[in-house]
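The structure under discussion appears below in the form of structure tokens.
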Amino acid sequence: MADDAAAPLLPSSGELITTSAARKDPSFNRKNTPTTSINDAIEPYMDSAAGARHLLLPALAAFAWFFDAQQVFISIFSDASPPWHCTTSPCTPSPTPCTFPPASWSYSFPNHISTISDFSLYCSSPVLLGLPTSSFYAGCFFGGLLLATIADSQLGRKNTLVLTTLLMSITSALTAMSPNIAVYAALRFASGLTRANIGTSAFVLSSELISLRHRDVISILNFFFYTTGFLSLPAIAFLNRASSWRSLYLYTSIPCFFYSIILHFSMKESPRWLLVKGRTEEAIQTLKNLTFIEKQSFSDLTEIEITSTENDIFSAARILWERPWALRRLAVITVVSFGIGTVYYGMPLNLGNLSANLYLSTALNAVAELPSSLASFFLIRWMERRKSIITFTAMSGICSFVCTVMTDGGWVEMTAELGSFFAACTACSVMIIYGAELFPTCVRNSAIAVVRQVVVLGGAGAPVMVVAGRRYKFLSFGVFGAVIVFTGLFAGLLPETKGCGISDTIEEEEEKVAAGRNAGRRLC
């Protein structure tokens with residue numbers, strides 16, 4: 001791509017000496033080394049911090065994904081279809097009791113176990129049954145669009161994360177008090193609206209509170225917490241199996257509420273964002289707290305000149321729209337993310353079209369996200385971002401095609417489905433990391449928010465394909481495979497970022513873009 005740039009494979013011997021000394025002492029040769037960017041100025045201080053203490057705050061920010069996952073998947077248990085049994089004649093074993101007189105059958109468990117029985121929805125239309133879940137995802141989509149820019153423009157990363165986790169916990173607790181399906185669906189919409197940017201804010205904040213050499217670890221930790229949050233739900237639901245569905249919302253919302261309070265008093269704002277906004281003194285104090293370097297004056301940070309002064313809520317959106325290179329990158333990752341989202345959300349929905357046991361296959365899909373996060377951690381250390389995405393989208397598509405031609409089912413079909421889902425999960429993790437590296441600090445949160453919402457949008461069309469696939473498997477597995485393979489190829493149009501420092505301002509990134517036009521590759 002035209003905005004790629006080349007970097008020398010090895011620095012000169014003088015540069016090696018300077019870099020080595022700077023890591024030991026961030027003030028080394030500061031007077032003789034001009035500061036050209038926020039990243040150049042801030043990275044030596046970040047890199048000099050050692051010990052586990054330096055990882056505590058980024059890890060705390062990443063832990064927000066744990067509560068985020070719980071709200072995404074909680075309806076699996078709260079809205080589960082309850083078992084029933086015959087009480088009088090006429091009533092015989094049947095997939096549904098809806099054709100029998102109401103007095104001839106009854107729920108096998110108390111009505112408060114599920115929203116379906118509590119609100120008497122068992123024989124309602126599919127549209128009404130799916131309304132709460134659809135409302136939640138609608139809230140996620142609109143929240144992602146409406147609130148994506150506030151972390152870049154006005155509130156910052158920390159305040160956005162605190163506000164969204166607090167509001168999500170409150171709306172989740174209120175959901176437990178729903179008197180009917182209409183209020184329940186409305187509160188699920190509100191929950192989706194408030195949680196839409198939690199993962200994005202947590203990912204960006206944790207990445208910007210750490211040095212380059214630790215960024216891979218923290219990035220994967222975000223996905224690990226998301227997986228463990230998902231896996232915590234079956235345990236909570238099992239312990240709560242004799243209680244009301246309302247307890248599920250309380251058990252997940254109360255810890256999240258206290259987590260948001262802890263965030264407010266202990267979390268630090270991103271020093272990169274503070275410098276971009278011209279709040280240099282706050283950035284210096286934050287760096288002292290993060291790196292435990294109290295004696296340094298950080299005077300070199302005051303020499304950085306920031307030319308971008310836009311600070312309204314739409315400034316980040318204008319930057320992405322008005323810069324051709326930024327709009328081009330955003331368009332490409334949007335296409336790739338759509339294909340990944342189609343399989344990521346479509347495959348679990350499509351498990352009913354397999355011959356394998358539904359409960360076992362669902363459990364295996366949930367567990368598959370954990371090794372996917374670990375695989376992402378190791379891959380991004382040695383494999384290029386573009387090659388990773390193209391490889392895993394191709395693997396996902398091939399495995400999906402295998403499911404299409406399988407007629408006998410069995411473990412081969414189940415293994416192929418797991419392989420497709422695993423590859424899509426890994427590609428999704430790499431895509432989010434890649435997106436964070438492609439855009440500077442001033443618009444990074446907005447760009448990642450777009451990526452995550454497009455992933456959700458890719459899954460929005462999956463249910464239609466799943467229904468069509470009940471009759472012809474190619475219309476589900478085949479379409480999934482074709483979409484993810486085709487869209488994954490677009491990753492080859494993006495510049496490579498492996499081993500590159502991230503930019504903080506538009507001016508820094510545009511310098512790399514301009515230099516890349518002459519060199520043919522992106523300059524790190």
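Only the coordinates and a few stated rules stand behind these numbers; no lab work does. In this text, all values refer to a predicted model and were calculated from it rather than measured experimentally. Here the Cβ positions follow ideal geometry from the backbone for every residue, glycine too, while neighbour counts run over all protein chains shown.
Taking a label point 7 Å from the Cα of Asn111 along the Cα→Cβ vector, which residues of region 119-144 have an amide N closer than 11 Å to it?
119-121
Using a Förster distance of 22 angstrom, determine the FRET efficiency expected from the C-beta separation of Glu384 and Glu507, and round it to 0.05.
FRET efficiency, Glu384 to Glu507: 0.25.
Label-point separation (nm) for Val367 and Val412, each offset 7 Å from Cα along Cα-to-Cβ?
2.3 nm
By the scheme Lys and Arg +1, Asp and Glu -1, what is the net charge of all other residues having a beta-carbon under 12 Å from that of Ser376? Don't skip to the answer; put the middle values down first.
Working: positive: Arg381, Arg385; negative: Asp216, Glu369.
With Lys, Arg at +1 and Asp, Glu at -1, the net is 0.
How do Thr200, Thr497 rank when sorted from fewest to most other Cβ atoms within 10 Å of their own Cβ?
Ascending number of Cβ neighbours within 10 Å: Thr497, Thr200.
Tell me the label-point distance for the pair Ile76, Glu282, using the 7 Å Cα-to-Cβ offset, in nm and rounded to one decimal.
Roughly 3.9 nm, to one decimal.
Please state the charge dipole magnitude for region 137-280, taken about the Cα centre, from unit charges on C-beta atoms (+1 on K and R, -1 on D and E), reported in debye and rounded to the nearest 20. Each step should come with its number before you reach the end.
Numbers: 12 positive and 4 negative charges, 27 e Å.
Rounded to the nearest 20 debye, it is 140 debye.
Along the Cα→Cβ direction, 7 angstrom out, place labels at Tyr472 and Ala182. What is the inter-label distance in nm?
The modelled label-to-label distance comes out at 4.2 nm.
Return a whole-number percent for the relative contact order of region 148-292, with Cα pairs under 8 Å and 6 or more residues apart as the contact set.
Normalised by residue count, the contact order of region 148-292 is 35 percent.
What FRET efficiency comes out for the pair Ala235/Leu489, r = Cβ-Cβ distance, R0 = 51 Å, nearest 0.05?
0.80
Would you mind getting me the FRET efficiency between Ala514 and Leu212? Use the beta-carbon distance for r and R0 = 35 Å, nearest 0.05.
E between Ala514 and Leu212, to the nearest 0.05, is 0.95.
Tell me, rounded to the nearest percent, the portion of alpha carbon pairs in region 78-191 spaced more than 21 Å apart. Walk me through the numbers on the way to the answer.
Working: 3278 of 6441 pairs.
Roughly 51 percent, once rounded to a whole number.
Grab the other residues whose beta carbon is less than 13 angstrom from that of Cys425, score K and R as +1, D and E as -1, and report the net.
-2
List, in order, the whole-Hz ³J(HN,Hα) value for each residue of region 323-328 obtained from phi through the Karplus relation with A = 6.51, B = -1.76, C = 1.60 and θ = phi - 60°; use x for Gly and Pro.
8, x, 5, 5, 5, 5
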